[in-house]
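The values are calculated or read from the model by the stated rules, or taken from the named source; none is laboratory data. Since the structure is predicted, the reported quantities are computational estimates derived from the model, not experimental observations. Cβ atoms come from the backbone with ideal geometry, glycine included; neighbour counts cover every protein chain shown. Protein only, heavy atoms only, side chains kept; ligands, DNA and RNA dropped before computing areas. Shrake-Rupley method; radii C 1.70, N 1.55, O 1.52, S 1.80 Å.
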Amino acid sequence: MPRTLIAILPIVGLLVACGGGGNSSPTASTPAPTEPAPTVLPSAASLAHQCTAPRAGTADRQGSIDTEKAWVRSFMDETYLWYKDVPVVNAANYTLAGNGNSVLQTVNAYFQALKTKNTTASGKPVDQFSFTLSTVDLQNQQSGITSGYGFRRSTLTSSLPRVVRVLYVEQGSPAQLAGVTRGDTITSVDGVDINDTSSAGIAALNAGLAPTVANKTTRFGLVAANTSTPRFVNITSSQTIAVTPVALSTVITDGGNTVGYLVLNSFGVVSAEKQLIDAITLFKNAGVNEVVVDLRYNGGGYLDLANELAWMIGDASLAGKTFEKLTCNDKNNLPFCNTTSAFHQTSQGFSVAQGQTLPQLGLKRVFMLTTGSTCSASESVFNGLSPFMQVIRIGNTSCGKPYGFSYENNCGTSYAAMQFKGLNALGFGDYADGFAPHCAVADDLTRQRGDPAEAMLSGALSYIRTGACPATPTAADKGLVQQVLQGGDYAIERSPSEAVRIVRGVQWRQ
């Protein structure tokens, strides 16, 4: 059965000259009077593949933008988790002319308008997560290849001063070869100051930070952590940067403890399966008695891979127990709906032959490093394990995404509408505002991940030694931390397709 995979594409938040920030929101044309939704919608299947621009060699046939929008409405009615809360939207307002004559932009604008307007207890939109992307982009990203320079940075905002930090660098990428490292502050792009507010300056910043072509050479001004001396590096973009989901697995001896430390950036790359098995095997052979899993920038990915990791951390008592139950709306008949997934004891065939026995560490507790960039399938690991073992979270509150989906493709657009909510063995899945940490610790960009003195890892090691959270910093220390970290919890810049909880595709259509 073909699999769908999260998009691994570092789409950046672009600046606009008027002072706003973020990606441009899709818009409707001049509003027309709204129309009540029809009582009975045609089936999505009856509207599928009727396309504005049919593609050769596929099931597409001639249709129109109206048939594509009609398919979107029926698809949402059939599978969207909150289909009862879809607002009344006049599809006629969403035209090609009003969306740059782009089919993708037009159907995405309509799709976004259909999302529920409900909010969480804290006031956040319940559905911050449903999205679309082109099917070509989705397929191109399946191999775990990304484009850009190879560094992941914090979100670019329009408020001044802009603090843009490098969070991590992909191994072997152009950025790593140029000497870019975690903690670097980007001060300029092609000679334009990062705080420039002119139209020309903002255009240059966007063009440099978000290259749309390969072989674009950009000159970055950088200042390393704990220094004030600027340096300049030239980096040439690439469209073939390999993503390494397990960025680090190492064993740390701390007093009488042997601690396995695992840095996992994504569950969305198929190579993660083998890399995770190799890391757990390393820990098992080293006889670790504690494990720290660093998920601070992990937006999620395949639920099956999260399940495998959870099993490998725990002990044999997890056999046959529920990892996660997927609950859908009251009429969704997709095969995964309202099914229960037990902990996987064998490999699922992503990058290791299916059915291989997974190693197990046999632990009764685990430490997880989390931030607001820890999302979805990552959260399912600690939610799924918490009924059976002690899970201690160090860092900041996670993003809060108990929802997931299977991609559906139509006419060259792939749709990720939230279709299920994940519950653990105790029936808990109400964490739309995230999981608060047991010990609040800032993301320390002054040190590399894996350095025992890095604040979040140090906090976990301190807890292992003492059984308690690290001491609260003094007022002077807090001031220093604020000065160095500019707030302490950086949101990673990434596309919606990198914050996901995916089940393997029910079917794969072009």
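Some points to look at:
- Subset of segment 169-202 [of a type in the set (A, V, I, L, M, F, W, C), closer than 28 Å to VAL263 by Cβ and over 22 Å from the mean Cα position of the chain (by Cα)]: LEU177, ALA178, VAL180, ILE186, VAL189, ILE194
- In a residue-by-residue description of segment 198-217, the property of being open to solvent by 60 Å² or more (accessible area, probe 1.4 Å) and touching a helix residue (DSSP H, G or I) at 6+ places or on another chain (Cβ under 8 Å) applies to no position.
- All conditions but one from (1) of a type in the set (A, V, I, L, M); (2) touching a helix residue (DSSP H, G or I) at 6+ places or on another chain (Cβ under 9 Å); (3) buried (at least 21 other Cβ atoms within 10 Å of the Cβ); (4) more than 29 Å from GLU454 (Cβ to Cβ) apply to ILE241; the one that does not is (4).
- In the set (1) out of contact with any helix residue (DSSP H, G or I) (no Cβ under 8 Å at 6 or more places or on another chain); (2) modelled with pLDDT of 95 or more; (3) assigned to a loop (DSSP other than H, G, I, E, B), the condition left unmet by VAL270 is number (2).
- Of all residues making up segment 383-402, the number that are among the aromatic types (Phe, Trp, Tyr) and modelled with pLDDT under 95: 0
- Residues considered: GLY255, GLY260. Of these, the only one that is more than 26 Å from TYR149 (Cβ to Cβ) and at pLDDT below 95 is GLY255.
- Residue within segment 365-382 that is in a loop (DSSP other than H, G, I, E, B), more than 27 Å from PHE129 (Cα to Cα) and at pLDDT 95 or above present: no
- Among all positions in segment 334-348, there is at least one residue which is open to solvent by 30 Å² or more (accessible area, probe 1.4 Å), among the polar types (S, T, N, Q) and either under 26 Å from LEU41 (Cα atoms) or in contact with a Cys (Cβ under 9 Å, 6 or more places away or on another chain) (or both).
- Condition check for GLY450: surrounded by fewer than 24 Cβ atoms within 10 Å (Cβ to Cβ) and either in contact (Cβ under 8 Å) with a residue 60 or more places away in the chain or in contact with a helix residue (DSSP H, G or I) (Cβ under 7 Å, 6 or more places away or on another chain) (or both): yes
- Any chance GLY191 is small (Gly, Ala, Ser), in contact (Cβ under 8 Å) with a residue 12 or more places away in the chain, within 22 Å of TYR149 (Cβ to Cβ) and open to solvent by 40 Å² or more (accessible area, probe 1.4 Å): yes
- Here segment 462-492 is the region considered, the condition is being under 25 Å from ALA224 (Cβ atoms) and touching a strand residue (DSSP E or B) at 6+ places or on another chain (Cβ under 7 Å), and the residue that is modelled with the lowest pLDDT is TYR490.
- Selected residue [touching an Asp or Glu at 6+ places or on another chain (Cβ under 8 Å), within 23 Å of VAL293 (Cα to Cα), buried (at least 23 other Cβ atoms within 10 Å of the Cβ) and touching a residue at least 12 places away in the same chain (Cβ under 8 Å)] from LYS401, LYS364: LYS401
- Tally of residues being of a type in the set (Ser, Thr, Tyr) and modelled with pLDDT of 90 or more across segment 136-180: 3
- Of the listed requirements (1) more than 28 Å from the chain's Cα centre (by Cα); (2) small (Gly, Ala, Ser); (3) on the phi < 0 side of the Ramachandran plot, ALA109 misses just one: (1).
- Residues within segment 203-215 that are within 26 Å of the chain's Cα centre (by Cα) and either farther than 19 Å from SER154 by Cα or among the β-branched types (Val, Ile, Thr) (or both), tallied: 3
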